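Visitor: There's a structure below that I have some questions on.
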Amino acid sequence: MFDYLEQQLTARLEALGWSSDRLQFSRPKKKENGDWATNVAMTLARDLKRSPIQIAEELMAGWQYDQSIVAKFIIVQPGFINFFQSSDYLLTQLQQVLDIGDDFGKGTTGAGKTAQVEFVSANPTGPLTVGHGRQTVLGDTLSSILTWSGYEVTREYYFNNAGRQMRLLGESLKARYLELKGLKMALPDGGYEGEYLINVARNLLADQPDLDADSDIDLFKSFAEESIFAIIKSSLDRIGVKHDVFYNERSLYETGKIDEVLALLREQGLIYEKDGATWFKTSELGIEQDRVLVKSSGEPTYRLPDIAYHREKIARGFDLVVDIFGADHIDAYPDVLSALKVMDLKTDHIHVVIHQFVTLLRSGEVVKMSTRKANFVTLDELIDEVGADVVRYFYIMRSASSHLNFDLDLAKRQTEENPVFYLQYANARISSIFRRAKERGLDTNIEGADLTLLNEEFTIALINETLTFPEVIDHCLRSLEVHHLPSYLFELATALHKFYTEYKVIDLDQPELSQARLALLEAVQITLRNGLRILGISAPDHM
RNA sequence: GCCCCUGUAGCUCAGCAGGAUAGAGCAACGCUUUCCUAAAGCGUAGGUCAGGUGUUCGAAUCACCUCAGGGGUACCA
């Protein structure tokens, strides 16, 4: 209908010699204002120096519209033109949902295109925390939206298993290991104090009991890395996330990509040495101060491999690249982009989604989180407490740019009034009605149902809500914000519950009407299931 | 100091490609179950959209300023 209106109105504007540049349509909030509206008459009023109402009337005078799409249109103060869809159109759309089924809502925006989503990317120094969890679910859900829109998506995890932090980790494990053998040894300065490392040390002791203070640190380091990666991957698995590529930063050194970047930047005269370190002259690129790329110790800072990695992302030819970062990484992003631009690379297709922090509340107190300190809450613990479905929903129900308050007590206490269960219940309710309908001997085959019987107020509302699904997916895609989807599904569930209380689906005296209503419920269930599938939340048939 | 995010109902937050009377959940109060799952539905109450100025026919939405909270501003990642 949108396409039809746009094409029709554009033609009419042009016929009158008026500009169609500012033609736009919106969905009115109130149903008395129709299904689609345009404000074009008001935006033209200034240029044409006439009243919006007059303009609208002249524009629409004598319009012969397709009655299988548009039922009527009205011109109202202060100058809106409101369009009402025909019931033919509505029911045709509904029939299409039934025909398309599991594919309802899929878009073609990304057809034939590739996308890469980088998320989590936590180094293997500790279990995933509640903070990582947000990024995990955000990235995974966004990936699903992209897949749903036709993209071929690569979910990627970038990690670094070398450098100062990993060395500290190895030393921390060594200290824990020796501690278990009764040898008092202090953790290194700034070392990892978390309990999980004691467990890793226990496993190492069981595996290799003969290590001592003189043993090679690399041994501890690699054992720690393997153990912790196993923990991380198990958390990801529990929450239903699977990465396609684990990209090791080290490979950038081995293939010489790091040196290439340095050479390219040097060619541009943007590299200099000072105090034994190698500096990137970011001050020439509009950034406040210069940055160190290689420390005086010879080790690069994280910026250099980040630049090389993103150069590789571009070289790998993705049509769309999305980085999901926590707010603490916000500073690196402009450096990386400016470096890429200096190297004459196109960066328009690289998008960065920055999510704000998760504040965890327990008993009304803010829980401080730090991987290196002992007191943090892991994603695993969170899943243990509230379950994977609830965790996934809570993480994406808010926009990424909002600070997220995750109240553990509330999440646990409220399990029965949780929005997740509200959605799942809507789905289960439909399944239940179908089961009951069969028991009562109704024909639950919806083929050939007479949809024209669906004409009551809340029925129409439910159909409209169902048909909005593709627009919601599109909105998520354009904004790279996934929280619109859970909001929408919640509204759809509300419309369903409302419908359920108003009308009886199973009515043995009116089998045709029952069949038509079952057909509608089928369409609603298709939509709920498709939506929940994207969110990675289960859709049980019983509650 | 500078950069990013945020400020909307008691609480948690949607809405922010400018549109018509600003929404939801929770909390509060009241109502609905001989009938397809009440994990539901309906109603009442609750707002100077942080404050100010500007742009516009029209601003919660855009611009600028101020205030408040969070994050960053490392030869940590």
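Visitor: One residue is enough: does segment A:84-105 have a residue meeting the conditions more than 30 Å from residue A:223 (Cβ to Cβ) and within 12 Å of RNA strand B (Cβ to nearest atom)?
Guide: For segment A:84-105, residues more than 30 Å from residue A:223 (Cβ to Cβ) and within 12 Å of RNA strand B (Cβ to nearest atom): present.
Visitor: Among the numbered conditions (1) assigned to a helix (DSSP H, G or I); (2) more than 8 Å from RNA strand B (Cβ to nearest atom), tell me where residue A:328 comes up short.
Guide: Every listed condition holds for residue A:328 apart from (2).
Visitor: Please find, among A:310, A:243, the residue that is open to solvent by less than 50 Å² (accessible area, probe 1.4 Å) and assigned to a loop (DSSP other than H, G, I, E, B). Even if it seems obvious, please write down each step before you answer.
Guide: On the way: A:310 fails: assigned to a loop (DSSP other than H, G, I, E, B).
Selected residue: A:243, the only one of A:310, A:243 that is open to solvent by less than 50 Å² (accessible area, probe 1.4 Å) and assigned to a loop (DSSP other than H, G, I, E, B).
Visitor: Ok, one more. Could you pull out the residue among A:284, A:254 that is open to solvent by 50 Å² or more (accessible area, probe 1.4 Å), in the same structural domain as residue A:334 (by TED's automatic domain parsing) and without any contact (Cβ under 8 Å) to a residue 12 or more places away in the chain?
Guide: A:254
Visitor: Among the residues of segment A:326-355, count how many are modelled with pLDDT under 90 and closer than 13 Å to residue A:132 by Cα.
Guide: Looking only at that region, the number is 4.
Visitor: Hey, can you tell me all the residues within segment A:23-58 that are under 30 Å from residue A:461 (Cα atoms) and either of a type in the set (A, V, I, L, M, F, W, C) or not assigned by TED's automatic domain parsing to the domain that holds residue A:10 (or both)? Before you say what the answer is, go through the steps one by one.
Guide: Looking only at segment A:23-58, we keep the residues that are under 30 Å from residue A:461 (Cα atoms), and these are A:23-42, A:53, A:56-57.
Passing the criteria: A:23, A:25, A:36, A:37, A:40, A:41, A:42, A:53, A:56.
Visitor: Yes or no: residue A:253 over 31 Å from the mean Cα position of the chain (by Cα), assigned to a helix (DSSP H, G or I), modelled with pLDDT of 90 or more and within 16 Å of RNA strand B (Cβ to nearest atom)? Steps first, please.
Guide: Working: over 31 Å from the mean Cα position of the chain (by Cα): yes; assigned to a helix (DSSP H, G or I): yes; modelled with pLDDT of 90 or more: yes; within 16 Å of RNA strand B (Cβ to nearest atom): yes.
Against the criterion (over 31 Å from the mean Cα position of the chain (by Cα), assigned to a helix (DSSP H, G or I), modelled with pLDDT of 90 or more and within 16 Å of RNA strand B (Cβ to nearest atom)), residue A:253 qualifies.
Visitor: Within segment A:294-301, can one find any residue that is within 16 Å of RNA strand B (Cβ to nearest atom) and in contact with a Phe, Trp or Tyr (Cβ under 9 Å, 6 or more places away or on another chain)?
Guide: yes
Visitor: Note down all Cβ pairs under 8 Å where the first residue falls in segment A:339-363 and is on the phi > 0 side of the Ramachandran plot, the second is open to solvent by 20 Å² or more (accessible area, probe 1.4 Å), and they're at least six residues apart or on different chains.
Guide: Short answer, once both residue conditions are applied: A:363/A:409.
Visitor: Determine the pairs where a residue that is over 14 Å from residue A:419 (Cα atoms), located within segment A:528-543, has a partner that is open to solvent by 40 Å² or more (accessible area, probe 1.4 Å) and assigned to a loop (DSSP other than H, G, I, E, B) with Cβ atoms under 9 Å apart, the partner being 6 or more residues away or on another chain.
Guide: A:530/A:106; A:536/A:240
Visitor: Moving on. Pick from segment A:392-409 the residues that are within 8 Å of RNA strand B (Cβ to nearest atom) and either out of contact with any strand residue (DSSP E or B) (no Cβ under 8 Å at 6 or more places or on another chain) or in the same structural domain as residue A:481 (by TED's automatic domain parsing) (or both): which of them is farthest from residue A:239 (Cα to Cα)?
Guide: Selected residue: A:402.
Visitor: Can you name every residue in segment A:428-442 that is touching a helix residue (DSSP H, G or I) at 6+ places or on another chain (Cβ under 6 Å) and more than 9 Å from RNA strand B (Cβ to nearest atom)?
Guide: Passing the criteria: only A:442.
Visitor: Quick check on my filter: what residues within segment A:257-281 are in a helix (DSSP H, G or I), farther than 30 Å from residue A:131 by Cβ and open to solvent by 40 Å² or more (accessible area, probe 1.4 Å)?
Guide: Taking segment A:257-281 as the starting set, the residues that turn out to be in a helix (DSSP H, G or I) are A:257-267.
Checking which are farther than 30 Å from residue A:131 by Cβ leaves us with A:259-260, A:262-267.
Scanning segment A:257-281 gives A:259, A:260, A:263, A:264, A:266, A:267.
Visitor: Any chance segment A:362-374 includes a residue that's at pLDDT 90 or above, out of contact with any strand residue (DSSP E or B) (no Cβ under 6 Å at 6 or more places or on another chain) and open to solvent by 20 Å² or more (accessible area, probe 1.4 Å)?
Guide: Residues of segment A:362-374 at pLDDT 90 or above: none.
Checking segment A:362-374: not a single residue is at pLDDT 90 or above, out of contact with any strand residue (DSSP E or B) (no Cβ under 6 Å at 6 or more places or on another chain) and open to solvent by 20 Å² or more (accessible area, probe 1.4 Å).
Visitor: Scan segment A:59-103 for residues that are open to solvent by 10 Å² or more (accessible area, probe 1.4 Å), closer than 18 Å to residue A:39 by Cβ and touching a strand residue (DSSP E or B) at 6+ places or on another chain (Cβ under 8 Å) and jot them down.
Guide: The answer is A:63, A:73, A:74, A:75, A:76, A:80, A:84.
Visitor: Can residue A:14 be described as surrounded by fewer than 14 Cβ atoms within 10 Å (Cβ to Cβ) and assigned to a helix (DSSP H, G or I)?
Guide: For residue A:14, the condition - surrounded by fewer than 14 Cβ atoms within 10 Å (Cβ to Cβ) and assigned to a helix (DSSP H, G or I) - is met.
Visitor: Looking only at residues in segment A:495-528 that are open to solvent by 60 Å² or more (accessible area, probe 1.4 Å) and near RNA strand B (Cβ under 9 Å from one of its atoms), which one is farthest from residue A:462 (Cα to Cα)?
Guide: A:504
Visitor: Please go through (1) touching a strand residue (DSSP E or B) at 6+ places or on another chain (Cβ under 8 Å); (2) in a helix (DSSP H, G or I); (3) touching a residue at least 60 places away in the same chain (Cβ under 8 Å) for residue A:56 and return the number of the only condition it doesn't satisfy.
Guide: So the condition that residue A:56 fails would be (3).
Visitor: Is segment A:455-462 home to any residue that is closer than 30 Å to residue A:536 by Cβ and open to solvent by 70 Å² or more (accessible area, probe 1.4 Å)?
Guide: The answer is no; no qualifying residue exists.
Visitor: For segment A:313-346, which residues satisfy the criterion of being of a type in the set (Phe, Trp, Tyr) and open to solvent by 40 Å² or more (accessible area, probe 1.4 Å)?
Guide: Within segment A:313-346, just A:333 meets the criteria.
Visitor: Do we find that residue A:66 is within 18 Å of residue A:468 (Cα to Cα) and more than 14 Å from RNA strand B (Cβ to nearest atom) in this structure?
Guide: No; evaluated as a whole, the condition is false for this residue.
The values are calculated or read from the model by the stated rules, or taken from the named source; none is laboratory data. As the structure is a prediction and not an experimental result, all values here were calculated from the model. Note that each Cβ is placed from the backbone with ideal geometry, even for glycine, and that neighbours are counted across all protein chains shown. With ligands, DNA and RNA removed, areas are computed over all heavy atoms of the protein, side chains included. Shrake-Rupley method; radii C 1.70, N 1.55, O 1.52, S 1.80 Å.
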